[in-house]
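Here's the structure we're looking at; comments come further down.
The values are calculated or read from the model by the stated rules, or taken from the named source; none is laboratory data. Computed from a predicted structure; not experimentally measured. Here the Cβ positions follow ideal geometry from the backbone for every residue, glycine too, while neighbour counts run over all protein chains shown. The accessibility values were calculated without ligands, DNA or RNA, using every heavy atom of the protein model including side chains. Shrake-Rupley method; radii C 1.70, N 1.55, O 1.52, S 1.80 Å.
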Amino acid sequence: MTRFARVESLKSDLGVADLVDLPAPQLAEGEVLARIERIALTTNNMTYAVYGDTLGYWNLFPAEQDGYGCMPAWGFAEIIESRAADVPVGTRVFGYFPIATHLTMRPTKVTARSFVDGAAHRTGTPDVYNLYELQPRDTDPRQDSLTAIYRPLFITSYTAADYLRDRGFFDAEQFVISSASSKTAYGAAYCLADSPAQRIALTSARNIEFVEGLGHYTATHEYADLKAIDSTRRTVYVDLSGDGDLRRRVHEHFGDRLAFDCLIGSTRADGFPEDDDSLVGPAPVFFFAALQLDAYKAEGQSRAFMQRYRRDERDFLEQVGGTEQPSIKLLEHAGLADAPTVIAGFHDGSTDPAVGHIFIPDAD
Ligand SMILES: NC(=O)c1ccc[n+]([C@@H]2O[C@H](COP(=O)([O-])OP(=O)(O)OC[C@H]3O[C@@H](n4cnc5c(N)ncnc54)[C@H](OP(=O)(O)O)[C@@H]3O)[C@@H](O)[C@H]2O)c1
């Protein structure tokens, strides 16, 4: 018998998640039922939860239990029931899902390439989160896993590098990149390789070896050794950690040589960073990839952007996920039973950056 289940996170303690059984959905006219085939979980998903109230992520997939929210995840699904004439059974899509076996959607703006879930509660977040791109059938499962993991992360690395490049890299002589072991960080280092500036990694002591092995950085330091980095060089801080204490130390160390603080991630923070008037140097500027993509769309540049992005993503995935010395070991979980443990690992920081977690929700 088909099981309908979903993982829900306790908002007051994001290290706690429950697997909840749900009744079989009854479709209304205009709705479709998607069976979620394959989704990925990385620290990025934990940050969606950390920003759940501030940036509206909790609204996308309302939870069943009071005090809980559904952490979103990226992946592939197949339409298995349809009451929407223009989205037939068998349609495959890539997009944003709860960590669940199924999702009921209401397709709108259906084109030959995509549709948008127009469900009433899915408002207040950038468009990319509601867009489902149609996919061919019979794709390579390893390639799909790499796409599920890296698409939302590498598109961030890529657009952030565009953003810095468009501003002449702020004339930086070096980029100092925190949480350098994260996929978004090393994707950014890869994308910034065309700049003359050095790419200096900052990471935890336990992840030094992994980061050095990636080959995307010119030097690697653990957080405690920040002062060993040359503070006379003009520096752009690319912050994936969101760590307030580290930010203060970075600003103090580089002083007036800090040209720009680009805040991208919050791997080591438990909320959206607050303004801090006492900070030395430039205030951090939050870079939000989803808004950058919306801006490309508003300027009519989406298609041109996606063409060059897809080409460069292919090269990147070949390098990090190819069979020769991949940076990632894919770990496939059958069913959702392991999800609470994996989520707890993102929360307490015990996660291994070399592992890519993939869930096949209805495989148990
Ligand atoms: N602004 C945007 O538009 C945007 C878009 C996509 C992603 N992001 C952000 O980029 C960040 C990285 O995401 P990812 O999926 O690439 O990460 P990931 O690959 O899963 O990164 C894992 C690394 O993050 C650090 N980390 C994770 N949890 C931690 C914890 N509880 N305590 C301390 N350190 C922890 C550790 O790195 P170190 O030891 O090296 O510190 C760990 O090795 C996330 O905050 C994500 O939200 C932002």
Considering only 42, 203, 139, give the residue with the highest GNM mean-square fluctuation for the chain, with springs between Cα atoms whenever their separation is below 10 Å.
139
Taking H as built 1.01 Å from N, whose amide H comes closer than 5 Å to the amide H of residue 114, not counting residues under 5 places away?
134
Under a Cβ-only charge scheme (Lys and Arg +1, Asp and Glu -1), can you give me the dipole magnitude of the range 150-291 about the Cα centre, in debye to the nearest 20?
380 debye
Out of 25, 60, 43 - ranked by how far each Cα lies towards the positive end of the dipole of the range 1-82, with unit charges on the beta-carbon of charged residues - the top one is 43
Report, for the chain, the % of DSSP beta bridges that are antiparallel, rounded to 5.
60 percent
Hey, any idea what % of the chain's accessible area is carbon plus sulfur with a 1.4 Å probe?
47 percent
Sort 287-294, 238-245 by the packing proxy (mean of other Cβ within 10 Å over each peptide's residues), most packed first.
238-245, 287-294
Considering only 302, 114, 327, give the residue with the highest GNM mean-square fluctuation for the chain, with springs between Cα atoms whenever their separation is below 10 Å.
302
Putting +1 on Lys and Arg Cβ atoms and -1 on Asp and Glu Cβ atoms, find which of 288, 215, 231 reaches farthest to the positive end of the dipole of the range 150-291.
215
Say we join alpha carbon atoms closer than 10 Å with springs in a Gaussian network model of the chain; which of 337, 224, 120 then has the biggest fluctuation?
120
Folded to 0 to 90 degrees: helix 244-254 orientation relative to the chain principal axis, Cα
30 degrees
In Å², what does the accessible area per residue of the chain work out to with a 1.4 Å probe?
44 Å²
What dipole magnitude, in Debye to the nearest 20, does the chain give about its Cα centre under +1 on Lys/Arg Cβ and -1 on Asp/Glu Cβ?
860 debye
Rounded D (µm²/s) - the range 150-291, Kirkwood Rh over Cα pairs, Stokes-Einstein at 10 °C, 1.306 mPa s
108 µm²/s
Positive end of the dipole of the range 150-291, charges at C-beta (+1 Lys, Arg; -1 Asp, Glu), about the Cα centre: which of 278, 265, 191 has its Cα farthest in that direction?
191
At a Cα cut-off below 29 Å, give the lysines reachable from residue 227, other chains included and same-chain residues fewer than 8 away excluded.
183
Phi-derived 3J(HN,Hα) across the range 297-307 with the Karplus relation (6.51, -1.76, 1.60, θ = phi - 60°), rounded Hz, x for Gly and Pro, is 5, 4, 8, x, 9, 3, 5, 4, 4, 5, 4
By a straight-distance test (C-alpha under 22 Å), which lysines pair with residue 297 as possible cross-link partners, with residues fewer than eight away in the same chain excluded?
109
Prolate/oblate/rounded label for the chain (Cα gyration tensor, a/c 1.5)
prolate
